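Written below as structure tokens is the structure these notes are about.
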Amino acid sequence: MNLADPTKIHLAKDLVHTRPLVSCRFDARGRFVFAGSEDCTVQRWDLATGARVALTAHESWVHALASSPDGETILTGGCDGRLIWWPATAAAPTPIRTIEAHRGWVNAIAVNKEGTLVATCGNDRMVRLWSMADGSLIQELPGHPKVVYQVAFEAGGRYLVSADINGLIIQWDVLVRKEARRLDAAKLSKYDAGQGVDYGGVRDMAFSADGSLLACSGLIEASNPLGAVSNPAMVLIDWKAGKELRLQRPKEDIKGVAWGVRSHPDGFFVAVSGGTTGGVLLFFKPDQINEFFKFAMPNTGRGLDLHPDGVRLATAHHDGHVRIWAMKAKPTA
Amino acid sequence: MRDQHRAAWLLCVIAALFAGRSAAADTPLHERIDRAIEAGRDGRLAAPATDGEFVRRVHLDLTGMIPTATEARAFLDDPSPYKREKLIDRLLDSPEFARRMQVVFDVMLMERRPATHVPATEWEGFLLDAFSENRPLDQVAREILSADGADPAHRGPARFALDREGDPNLMTRDVGRLFLGRDMQCAQCHDHVLYDDYKQAHYYGLFAFFNRSYLVQDAKGIATLGEKAEGDVTFKSVFKKKITNTTGPRVLYAEPVAEPAVAKGQEYWVAPAEKVRAVPRYSRRAQLAKSVVSAKVPEFNRNLANRLWAIMMGRGIVHPLDLHTAENPPSHPELLEMLARELAAMGFDGRKFLRELALTRTYARSSEPPPGLSPEDGSPARFAVAVLKPLSPEQFSWSVMQATGIVAATRAAVERTLFTVDPKLTQLMQLDDKRRRFGRRLVESAVYDGLKGNSGPFIAQFGRAAGQSQDAQDASVHQALFLSNGQPVLSWLDGLAGRLATIADASAMVDELYLSVLTRRPMPDEREEAIKYLAAKPSAKAQAVHELAWALLTSTEFRFNH
Amino acid sequence: MRCDYSCRSDDHVLSRRGFLGGLAGLGLASGFGSFVNPSAAAAMAKGQKQMLVIWLAGGSSQLETWDPKPKTETGGPFRAIDTSVPGIQICELLPQTARHMHRMALVRGVNTHENDHGKGQYLMHTGRAQAPGAEFPHLGSLAARFLAKGTEPLPGYIHITPGGGGVGGKEAAYLGPKYGALYLGNGAPPANTARAGSTTPASDASRHDLRRHMNDRFANRRRTAETEAYTTTYEQALQLMERREVFDVTREPAREQERYGSHDFGRHCLLARRLLESDATFVQVTHSNYDTHNENFAFHLEQLGEFDQGFSTLLDDLAQRGRLDSTLVVVMSEFGRTPTINYLYGRDHWGTAWSIALAGCGIKGGTVVGKTNAKGTEVVDRQVGAGHLFHTYLKAVGLDPKDDYEVDGRSVQIADPTASPITELLA
């Protein structure tokens, strides 16, 4: 019996802010959804009531969001380089702790399943490990030659992966705090010599529920980076072998970037694409190149999260909406 | 305002008109030209050019490249007192003359604009045909000015307008410059502040022929000029913003074009639509050719005569060529009037007109001023000394190819393929004059098509930018680097040096080298120096010949038509 | 005369007539670029001025460079940082450049009314709007003509580009190709500057001797400006070949190369320094590309990271080596980018309210002229166009932008007659 049926997906809730959104995240208990906005706030909606509260402490946009496993703490990482701890459920949250985590943007945050370690990565090419409890720096992990876009803990919790704009993935052994191996998702990246720019890279990562696969989302066919010409794609990595299993891409020509990817307990992956084609949700089974289902949304997608219930998805949009989707039949009225 | 200037000029013109009439009857034109140039010079003139200078000059001007060593030798050794006239007639009759005119008029009229809407070959074919059959130049002008590209079989002449995107301002400027000798660009916004006779009304009078026209591309992307039935031209001076003027089509001082009234709803044969060439019942643009090329527009004749003069003499009687104005009077006003009149009188026969110029003493003067000539007397505008003309990029590349034997080798190969392979064809080609002429054209075309690509780097190095006047040239370090170290020239020189090095007698070899490159025999001291140079490098004869040949090829003497 | 705004009437006409007379008297052929303007000649005699233009191709964002609007609707995610001049802040992407603000001037009120790449490039390079039938010379061509002495071994207008190299020509318009740009494609030395393999130095020297000998004979009584210009080019070619190593940045110590950065733009800045130190009159370095319709912020982060390192190091060196006082530095683009951030995190073309930066020769350091509103959507103080900037550049290097010069017998004012210099910027 599957939890979800993506083919029945429908809009369950439409949450609206006045300014464009860049990221979204459920807390681990699934009571709230948080979204970073271009107005430098993080917006929090109560999923039950729809009540909205702004978290205002960042000096810049917040792309990086993470929840503690108990859902009590929300971490936000801003383009101001700050990492902030917030009480997730407070009526009017104010920062518990603020640290200067990176020079430049904090691009992603990951928390281990015990809720003891926080990993961050940023434009300063650095990966850092922090203590969840007191915010102290545990380890600095240099190694990426370019901007680091994403971090994720592997299911067992021993390893951390970080991925950069060139599609280089470094697997770190958290126990000994050292590089363990390198993985390759360079297919998602290209240097455009004509425009003189690096483009692409790993925009998001998700381990499959059983920990055997690592999905890396991003783009391919970037024939004109500055003009937003590319197709969303995923590099699926066989975790044990440390090798690419396959490149997954939409059947039809969708122009955009797969900004986010989540793994579903039912064994599929869902990715959100945003770009000139608009916002599209793409559902992939690990053994197939193309999606088994796709769903066009009313606005370009910028962020994606999966609710702990395994049924709901949140997407963040340029039009200021967080859309909550339910992957099940619409209840009859 | 300089009324006295204009008055003086007008007087000269009137005097010339009367003088011209009495003298015209029996004195040949070339003689009358010489008299006009020599009047008042009291012998302060350069000596006649040597045979070597003359044969090189006239080949360059009439065929676009220097002669071969063989041609040069034959001319130099010809004892006939009429050999110059014979040479002129032979060259004017050659297919190379039509080719030279094709290139001159292409560069003059298109100014190296890229061929976007009409392939260059169609335009060049149009020009080549026109000059091959010696079509009257007024007719050629009318064909160019009336072409809109609508007739698929005759799109060549439409390149003038289409590769200017039919832009009304650009057309106004360039028809003014190239057909009327007046760059009125600066009169676009107000009466010209320097040239009192460049009126804003002149600019917009010409503009009114074009303002309703536009470039349209059909579904296949083929461009033509369409035209709307409406659109009036009004203009204001930026200095007198309160006064708005209106004008219909009008060429300079000529009467405005009388425009018919067209009944409402009857404006179009083909109404404007997307990707459709609109055709109005009354077309303003269709009035252009007959309005510009008209007996009522003396500026047209003057401009054409002046431009033909400049091809031969190296500068215009009015110079710059597109600055006919009272403020920049002709150096010889009466002569210009006479030339304009005679050109029309001979039915705009370009070949005949150029022949007269080539026959003048003025054309055949040395470029070396006589000792003691004052700078004033030696000024180019006097035409008392031949003007040094830098070779055009095309003349330069073809002359380098001629000097190094590339042209001759290609011609030999072409003739071999055309005639040796099929002896019947050879016989057929010799049957009569017409066929012989056809055979010569065939060979010339094959040689030209085979080698014209070699001109590309020369045009890139020596030409001016697209859309700029190509009348003047500039020297740059990149040209020198190209000629010093660039591959095409060095490998051609290797070929030449290799061939010359097989001539055992050093003196004969130096003769051949000088005739090949400089179209003359060496002076005794030059011969001696060259022989000495070669003797000093006995183990590397070809290399030494290469060095000598390079020095001749890069010398000022070669760079200029002198 | 009637006109009083551009052509400065009677003396203009008189000088023109004088010119025509003089031309005839001198026996100069027209079009060979012989300039006879007395005040320009005087300016040239004053001591060599040089120019460096950094061209941020595609249109860099004023908001991510010189006119940040942090924490506003249009400001984007980057913050503003302090500079060496109290009160002046620039975008945090330029920390090294910020150290130089006391040497620099910012023009924050540029409105060029132009959102097209080609037309914007033309406008910013010539100081005039593009119009059919009229072509005007680039700044580099004017510098080559009016700042250069004409005897320098290096061509007057050198443009280092990431793309292909070669000789331009169109840039010079009617000044003639001699003043056109020489493009050093990806910093490679110009074509034909190396002796062909078949030519030994001895053979080269002896063929040139032969050539000179030939010329002496021919020019005996036929020496003109044109023959002189032609023969001079060979001497320039020889000098250029001799100094070919100036184009080779790998001759710099590794430490120097490191300072400029291990990217093309850094290498090109180092090359620019070598060229300026070899008395090149005008060097332009193009950094490509800033046309960030998509992911403006990520791309500016990458591009400006390179720019900040290369540019600030170059300014450091020019200043320390005493060249900045005689070298005008301009950082510009064809236009800026929209304050509105589009749905692709991009910014689009925007000529309405943007900025350029200046430094060095003739420029008052630590100056900001012009102001945009809070969201950067409009110029609210001291609006200037490309014409004003052009006048300012010329004035800064000691040329009178209102001077006329003669081309093919015609008189043209150097800079757009309807504009004037931004005097507040001038030292």
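Computed from the coordinates by the stated procedures, all read-outs in this text should not be read as laboratory data. Everything numeric here is computed off the predicted structure, so don't read it as measured data. We place every Cβ from the backbone using ideal geometry, glycine too, and count neighbours over all the protein chains shown.
Measure up C:LYS170/C:LYS375; B:LYS296/B:LYS352; B:LYS83/B:LYS290; B:LYS242/C:LYS402; A:LYS146/A:LYS255; A:LYS146/A:LYS240 against 30 Å on the Cα-Cα distance and list the ones that go over. Going by Cα-Cα distance, C:LYS170/C:LYS375; B:LYS83/B:LYS290 fall outside the 30 Å limit. Stokes-Einstein diffusion of the stretch B:164-292 at 20 °C, 1.002 mPa s viscosity, Kirkwood radius from Cα pairs, rounded to a whole number: 138 µm²/s. Note on the stretch B:281-356: Cα convex hull, mean projected area over all directions, 6.0 nm². In plain terms, the residue of B:SER366, A:SER263, C:SER355 with the fewest other Cβ atoms within 10 Å comes first and the most crowded comes last, giving B:SER366, A:SER263, C:SER355.
Over all directions, the projected convex hull of the C-alpha atoms in the stretch B:491-562 averages 4.5 nm² in area.
Projected label points at A:SER136 and B:ASP432, each 7 Å from Cα along the beta carbon direction, are separated by 11.3 nanometres. A:LYS330 sits among other residues whose Cβ lies under 14 Å from its own Cβ, and their net charge, with Lys and Arg +1 and Asp and Glu -1, is +3. Counting every C-alpha pair in the protein assembly as shown, the share spaced more than 57 angstrom apart comes to 33%. Cα centroids of the stretch C:215-238 and the stretch B:285-338: 33 Å apart. With R₀ fixed at 56 Å, the C-beta to C-beta distance from C:ASP209 to B:ALA345 puts the FRET efficiency at about 0.55. For a straight C-alpha distance cut-off of 13 angstrom, the aspartates and glutamates reachable from B:LYS241 (same-chain residues fewer than eight places away being disregarded) are B:ASP191. Using a cut-off of under 13 Å, list every residue of the stretch B:443-469 whose amide N is near the label point 7 Å from the Cα of B:THR420 along the Cα-to-beta-carbon line. Of the residues in the stretch B:443-469, none has backbone N under 13 Å from the label point off B:THR420.
Helix B:200-210 axis versus longest C-alpha principal axis of chain B: approximately 90°, rounded to the nearest ten.
Computed over chain B, the alpha-carbon pair-distance distribution with 20 angstrom bins reads 19, 49, 27, 5, 0, each value a whole percent.
For chain C, the mean residue ellipticity at 222 nm estimated from helices alone is -10500 deg cm²/dmol, where every DSSP H run of n ≥ 4 contributes -39500 (n - 2.57) and the total is divided by all residues, rounded to the nearest 500. The distance from the alpha carbon centre of the stretch A:136-184 to that of the stretch C:241-264 is 36 Å, rounded to a whole number. The protection proxy used here, the mean number of other Cβ atoms lying within 10 Å of each residue, ranks peptides A:308-319, C:248-259 as follows, highest first: A:308-319, C:248-259.
Pairing the Cα long axis of helix C:264-277 with the longest principal axis of chain C, what angle in degrees results, from 0 to 90 and rounded to the nearest 10? Its long axis makes an angle of about 50 degrees.
The mean number of partner chain beta-carbon atoms within 10 angstrom of a residue's beta-carbon across peptide A:32-41 is 2.
Report note on the peptides B:506-519, A:44-57: ranked by the mean count of other C-beta atoms within 10 Å, highest first, their order is B:506-519, A:44-57.
Once both labels are positioned 7 Å from their Cα atoms along Cα-to-Cβ, the gap between A:ALA155 and A:VAL229 label points is 4.1 nm.
Projecting label points 7 angstrom from Cα along Cα→Cβ for B:ALA506 and A:HIS10 puts them 10.6 nm apart. Look at where the Cα atoms of the stretch A:262-333 and of the stretch B:24-94 average out, and the two centres are 87 Å apart. Seen from all directions on average, chain C presents a Cα convex hull projection of 22.4 nm². The lysines within cross-link reach of B:LYS541, meaning a Cα-to-Cα straight distance under 23 Å and a gap of 8 or more places when in the same chain, are B:LYS532.
When a/c is below 1.5 the answer is rounded, else prolate if a/b is larger than b/c, else oblate, so apply that to the stretch B:393-561 with a ≥ b ≥ c taken from the square roots of the Cα gyration tensor eigenvalues. Cα axes put the stretch B:393-561 in the oblate bin.
Counting Cβ atoms of other protein chains within 10 Å of each residue's Cβ and taking the mean over peptide C:216-229 gives 6. Panel values: the stretch C:82-230, Kirkwood radius from alpha carbon pairs, Stokes-Einstein at 10 °C and 1.306 mPa s, translational diffusion coefficient 81 µm²/s. Counting Cβ atoms of other protein chains within 10 Å of each Cβ in B:81-94 and taking the mean gives 0.
Rounded to the nearest 0.05, what FRET efficiency do B:THR70 and B:GLU376 give with R0 = 51 Å and r taken as the Cβ-Cβ distance? Could you check? So the FRET efficiency works out to roughly 0.75.
Note that the stretch C:274-427 shows a convex hull volume over its alpha carbon atoms of 144 Å³ per residue. Apply the a/c threshold of 1.5 to the C-alpha gyration tensor of the stretch A:148-273 and tell me whether it is rounded, prolate or oblate. Note, shape of the stretch A:148-273 comes out oblate. Quick one: pull the percentage of alpha-carbon pairs in the stretch C:193-247 with a separation above 17 Å. Beyond 17 Å sits 45 percent of the P(r) for the stretch C:193-247. Using bins of 5 Å that start at zero, the share of Cα-Cα pairs per bin across the stretch C:80-159 amounts to 3, 13, 14, 12, 12, 18, 17, 9, 3, 0, in whole %. Exposure proxy ranking for C:TYR345, B:TYR282, C:TYR157, based on other Cβ atoms within 10 angstrom of each Cβ and starting from the fewest, stands as B:TYR282, C:TYR345, C:TYR157. Straight-line reach from B:LYS434: which aspartates and glutamates have Cα under 14 Å away, leaving out those fewer than 8 places along the same chain? Excluding near neighbours in sequence, the set is B:ASP93, B:GLU133.
Short to long, the 5 Å bins of the Cα pair-distance histogram for the stretch A:234-333 hold 3, 13, 23, 23, 19, 12, 5, 2, 1, 0 percent of all pairs. Of the peptides A:159-168, B:239-248, the order by per-residue mean of other Cβ atoms within 10 Å, starting with the highest, comes out as A:159-168, B:239-248. How high is the FRET efficiency from C:GLU277 to A:ASP192, r the C-beta distance, R0 51 Å, rounded to 0.05? Computed FRET efficiency for C:GLU277 and A:ASP192: 0.95.
Between the helical axis of B:137-146 and the dominant principal axis of chain B, each derived from Cα atoms, what acute angle in degrees is found, rounded to the nearest 10? It works out to around 50 degrees.
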